Amino acid sequence: MTAVGIDAIEFRTGKLRLDLADTFAPVKGEDPEKYTKGIGIENSSLPDVYEDIVTMGANAAKRLLDRKGLTPDDIGRIDVATESAFDNSKPVSTYIAGCLEQIYDGDFHHANKGERKFACLSGTQVIDDAYNWIRAGRNRGRAALVVATDTALYERGDPGEATQGAGAVAMLIDEDPDIVALSTEQGYGSADETDFLKPNQQFPSVDGKRSIQVYLARMREALEDYESVAGDTHPDDFVYFPFHTPYPGMVRKAALLGYRHITRDTEIEDILADDIGMQPREDDFDSREDYEEAIRAYMDELKGTRRYREWYERAIEPTIQIAGQVGNWYTGSVHVARLSALKAAAEADVDLAGEKLLVGSYGSGAQAEIHAETVQDGWREAVDAVDVDDQLDGRYDLSYDEYELVHDVHNHEKEVEVEEFTQPAAEFVFTGWGRMNERRYEYIE
């Protein structure tokens, strides 16, 4: 069976940077380490006044198409995942296609276009859709362009404000992929939850404590469901574990729970038992409360063990390095985590071909998905072509007053005039509104 997966990746960050330690924390009267070590974010990316989810997505897509030497006729579908959409009818994918048609010969009239919504999970769901479309033989030899693009803003003063971010990840899904091949097996954990939602509003309503609990619960269910079809997992089966990363601190919690699960009934549990005992089993306790207390105590011991710390540094830490510099990208965050891990491996000259990733996606509301990916022979060249460092280093550093202005620009309920902070060049930009209040875009040379 021919492999189907991610053939190319492109990354587009918002062009402004908010330094949490030096700019945000002093105004908030907070210890900088609350952000840099607690939530694990040093800098947030934000969009300039001429940037939005369309421009970031279209600019990432253009760079991907150019690098692969593709034309519109090579693309059979364009799917966008976002939870920052500004139209309840017209999908963002049509705007992105319209941008691309300004500069390429031909058009995307033949391409199926859509928009997915399930909070942050939809970035993985559009990949699933493309995978299934190709597997079904309906692609007629064409590839799928999928784009996860978001501007993750919170109301000023909201506890989530420090996790903000903006950017897009574009991916080409095709047969015989260069980067990773997707597994057939998937696992899901899903329930009707109200941990994070936007009922007819731009900024989210969040129950922070509940959101953490739901994230961890759905991830556990998805892992168990994945194992029901793929067999038991083991830490040594996967070189990296990219998780949905609303902020790296959340991943630290998920990683510890995941490690406990995948070491249960293995030789690793037996080895660890010499120092911290065996994992508690619920049948050995008189009440659920006593069992949960024992589990918490075990995990406190587990996270201090040398074996766990070494696994975390190898398999998790590389996945969160970019997130710590850009903040939360909602639908793009798990795909940033994958890119972060592959980038770290390339820089360390690690040969990943044939190795596996276990990818954990999540969307509030709530659903998690777990699947495996096998790294392909062409991964290094494909990842080296993504100019992550240049984009991050080239961002404009905002003062706090400038940050407030930018926040107001992207607040849908406000109308403010602010000069751009950077000069657009060789990119799509937002230029204003049309006769039906549609957003309009232009390519600037």
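Odds and ends about this structure:
- Count of residues meeting criterion [of a type in the set (K, R) and either surrounded by fewer than 16 Cβ atoms within 10 Å (Cβ to Cβ) or touching a Ser or Thr at 6+ places or on another chain (Cβ under 8 Å) (or both)] in segment 68-111: 1
- One residue stands out among those in segment 361-386 that are touching a residue at least 60 places away in the same chain (Cβ under 8 Å) and within 30 Å of A426 (Cα to Cα): the one that is surrounded by the fewest Cβ atoms within 10 Å (Cβ to Cβ), which is E381.
- So V336, is it β-branched (V, I, T) and touching a Pro at 6+ places or on another chain (Cβ under 9 Å): yes
- Residue match in segment 115-136 (condition: in a loop (DSSP other than H, G, I, E, B), touching a residue at least 24 places away in the same chain (Cβ under 8 Å) and hydroxyl-bearing (S, T, Y)): no
- Restricted to segment 1-89, the set of strands (runs of 3 or more DSSP E) holding at least 1 residues that are of a type in the set (F, W, Y) and in contact with a helix residue (DSSP H, G or I) (Cβ under 6 Å, 6 or more places away or on another chain) comprises 4-13.
- Filtered by the rule that a residue be open to solvent by less than 40 Å² (accessible area, probe 1.4 Å), within 30 Å of D7 (Cα to Cα) and not polar (S, T, N, Q), segment 388-423 gives V388, L392, R395.
- For I322, the conditions (1) in contact with a strand residue (DSSP E or B) (Cβ under 9 Å, 6 or more places away or on another chain); (2) of a type outside the set (D, E); (3) buried (at least 22 other Cβ atoms within 10 Å of the Cβ); (4) over 30 Å from K117 (Cβ atoms) all hold with the exception of (4).
- Condition met for R17 (surrounded by 18 or more Cβ atoms within 10 Å (Cβ to Cβ) and farther than 24 Å from L398 by Cβ): no
- Residue within segment 245-262 that is open to solvent by 10 Å² or more (accessible area, probe 1.4 Å), among the β-branched types (V, I, T) and under 18 Å from K356 (Cβ atoms) present: no
- Selection within segment 129-170 - among the aliphatic types (A, V, I, L, M), within 21 Å of F11 (Cβ to Cβ) and under 18 Å from the mean Cα position of the chain (by Cα): A130, L145, V146, V147, A148, A152, L153, A166, A168, V169, A170
- Set side by side, the residues D270, D237 differ, and just one is without any contact (Cβ under 8 Å) to a residue 24 or more places away in the chain and either surrounded by fewer than 19 Cβ atoms within 10 Å (Cβ to Cβ) or in contact with a strand residue (DSSP E or B) (Cβ under 6 Å, 6 or more places away or on another chain) (or both), which is D270.
- Matching residues in segment 292-319 - criterion: being open to solvent by less than 20 Å² (accessible area, probe 1.4 Å) and either assigned to a helix (DSSP H, G or I) or over 24 Å from L272 (Cα atoms) (or both): I295, Y298, L302, Y308, W311, A315, P318, T319
- Looking only at segment 24-53, and only at residues there that are among the β-branched types (V, I, T) and touching a Leu at 6+ places or on another chain (Cβ under 7 Å), the one that is farthest from L339 (Cα to Cα): T36
- Segment 347-391, residues that are basic (K, R) and out of contact with any strand residue (DSSP E or B) (no Cβ under 9 Å at 6 or more places or on another chain): R380
- Count of residues meeting criterion [farther than 11 Å from A368 by Cα, assigned to a helix (DSSP H, G or I) and in contact (Cβ under 8 Å) with a residue 24 or more places away in the chain] in segment 200-223: 3
- Among (1) of a type in the set (S, T, N, Q); (2) out of contact with any strand residue (DSSP E or B) (no Cβ under 8 Å at 6 or more places or on another chain); (3) outside any helix (DSSP H, G or I) - the single one S183 does not satisfy: (2)
The values are calculated or read from the model by the stated rules, or taken from the named source; none is laboratory data. Computed from a prediction, not measured in an experiment: that's the story for all the values here. All Cβ positions, glycine included, derive from the backbone under ideal geometry; neighbour counts span all protein chains shown. Note: areas computed on protein heavy atoms with side chains; ligands, DNA, RNA excluded. Shrake-Rupley method; radii C 1.70, N 1.55, O 1.52, S 1.80 Å.
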